[in-house]
């Protein structure tokens, strides 16, 4: 979908991005991660030409992006940023309808699309349609921001630290929303973050950047288990790496199916991560937990010892 | 302790000032003709028998400063102030009629004194303070403030005040007055329109380029420091020269004196506050908003007209408001170079030491400034209520 070939960018003679070669496949969720100044934001903005690259080539849908008119290119890509950037003088509806308006969609189609998106992001259309951004909470504003980015059903969704300014609870909810939207629409998403847990839980593929270069790219599991350099190991954390690994696995994968335990313990859901399950083990001082599936039916038992088991890796 | 006892300190202060002014200064002054300075008469000497009831609102207002300013209470305070204003104004009219004993052609003059002006101003302040406590809605505030003056307007229209010197001066000069009003308004709009047409692009240039901002603002700053009379004088020679060498310009009204130099000078004075307003307005647009506008695929022109200008508009309009009020005031001085307007009436009054004639020139200008100020404030608040 998006391909970087030997791309470089200099600001005032200093290289911000150097010899970047990247491939973002169609339908893939790519997370660009790195410390501040690593060039991750610049990389993202080069995709929709908010920043023009000065060496190499970036292609989108098989064509070099320089072949597109910048405005046309941007209208084919959704864009959401940390400060949200909602237009304060427009209602929620007008904000979401920004790109469809620019594309001159018919009025009825825009209206239906806004309703659809507000429902997708759990914003009650009747209640919020005519509100102004300042009348919404931070989380609601970011929901509108995401809805606006999705409005014209873009082929690519670009997100620049979209949840950076939100409190942890709201951030987690919105991360789940984005993951759900990704599964639902199978859209190509590129997200920039410096939050390692966010990257691990959302990404199909993580690209770790430092000083404008790709240090390593791969699946979240590869980044944790096969770090290419000591920098990667340090970045993803030496001490709590095990915990991070657990957060990539679901309870259902390690449950001993069919087993039952006696007692009145409250069961845990199979869709919970092992990291959360670990927390439940420690809090309850137990070594076995009953597991139920999504429908609430008993599935089996999760044993504490199985948390360290290798069998699901195979 | 006193904090619990006095519930509305603002009201108490204003009422005490009102009592002091009403008892200390002359309420009206009377002269056999307009050339002789008048004899002051106190408020107490004008009140006979039942007329003392006119002061009842003062007593109640004093009482209300010890009550909590709840919404019903503030409304009563406003009404009391309104009744007081009406009563005192009507008293001056009746006094004037009594003093001339109904003789319409009398040359005797009854002028309004310091006590009346102070009491009227303080009543208006009390009413307006009560209104701002009563409601936060700008439209309601404006409507309520307007209705406070309506009874006084009714008095003027019904002719009850026509024996007062101020209205006699108006009667004698109503043509001149109406001309002055037109001239003053044409100076105002003649200044505002070119000032906005020049100031907006200058402000945008300053916002876009730091290199131009310093020199442009420095030049405008220097212009602002030149005294207005000096600027009128400075324009006199070049404009007269222009008109002489290009008769076509002279035919279209360009000359060293009159409306042209006045408007040029007033436009020059307007530019600094306007340009500053435009810069401040454009700077008030969050960078994230502009970034997402571009990221959504708006081109430069769309970002400017759909995003930057609408968001900056309240601040820009505040700049225009300052300029409009400033122009209404400075246009008075423009009368010195023959631009006309209320300044002409005021200077005529000053030169012939006719105080009422001076007031006839000054009061409408004050009113005009208040109206212009209120109009722009209203516009800004309408824009802001929908978004902030």
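The values are calculated or read from the model by the stated rules, or taken from the named source; none is laboratory data. No experiment lies behind these values; they were computed from the predicted model shown. In this analysis, Cβ positions are derived from the backbone assuming ideal geometry, glycine residues included, and neighbour counts consider all displayed protein chains.
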Can you confirm whether region A:28-48 contains a residue that is crowded, with 22+ Cβ neighbours inside 10 Å, touching a strand residue (DSSP E or B) at 6+ places or on another chain (Cβ under 8 Å), part of a loop (DSSP other than H, G, I, E, B) and within 13 Å of chain B (Cβ to nearest Cβ)?
-> yes
Which fully enclosed helices (runs of 4 or more DSSP H) of region B:232-322 have 1 or more residues being within 14 Å of chain A (Cβ to nearest Cβ)?
-> B:259-283, B:287-295
Taking only pairs six or more apart or across chains, which ones have beta-carbon atoms under 7 Å, a first residue in region A:256-277 that is in the same structural domain as residue A:307 (by TED's automatic domain parsing) and under 10 Å from residue A:302 (Cα atoms), and a second residue that is assigned to a loop (DSSP other than H, G, I, E, B) and modelled with pLDDT of 85 or more?
-> A:270/A:255; A:270/A:293
Out of (1) at pLDDT below 90; (2) surrounded by fewer than 21 Cβ atoms within 10 Å (Cβ to Cβ), the odd one out for residue B:280 is which?
-> (1)
Only one of (1) surrounded by 12 or more Cβ atoms within 10 Å (Cβ to Cβ); (2) under 28 Å from residue A:32 (Cα atoms) is not met by residue A:269, so which one is it?
-> (2)
Checked A:245, A:299, A:307 against criteria (in contact (Cβ under 8 Å) with a residue 12 or more places away in the chain and closer than 30 Å to residue A:214 by Cα); the one match is A:245
Being touching a residue at least 12 places away in the same chain (Cβ under 8 Å) and surrounded by fewer than 19 Cβ atoms within 10 Å (Cβ to Cβ) is the filter here, so list the residues in region B:339-352 that pass it.
-> B:347, B:348
Residue within region A:207-218 that is part of a loop (DSSP other than H, G, I, E, B), modelled with pLDDT under 85 and surrounded by 14 or more Cβ atoms within 10 Å (Cβ to Cβ) present | no
Given (1) assigned to a helix (DSSP H, G or I); (2) surrounded by fewer than 19 Cβ atoms within 10 Å (Cβ to Cβ), index of the condition residue B:119 fails = (2)
Tally of residues being outside any helix (DSSP H, G or I) and under 26 Å from the mean Cα position of the chain (by Cα) across region B:7-28 = 4
Conditions: (1) closer than 25 Å to residue B:154 by Cα; (2) more than 29 Å from the chain's Cα centre (by Cα). Residue B:59 meets all but one. Number of the miss?
-> (1)
Given the conditions (1) farther than 20 Å from residue B:285 by Cβ; (2) within 13 Å of another protein chain (Cβ to nearest Cβ); (3) not in a loop (DSSP other than H, G, I, E, B), and given that residue A:152 satisfies all but one, which numbered condition is not satisfied?
-> (3)
Reported set for region B:150-167 where residues are touching a residue at least 60 places away in the same chain (Cβ under 8 Å) and assigned to a helix (DSSP H, G or I) is B:151, B:152, B:155, B:165, B:166
Unique residue being surrounded by fewer than 15 Cβ atoms within 10 Å (Cβ to Cβ) and either in the same structural domain as residue B:324 (by TED's automatic domain parsing) or part of a helix (DSSP H, G or I) (or both) when the list is B:175, B:129, B:179 | B:175
Could you tell me whether residue A:142 is farther than 19 Å from residue A:170 by Cβ and within 14 Å of chain B (Cβ to nearest Cβ)?
-> no
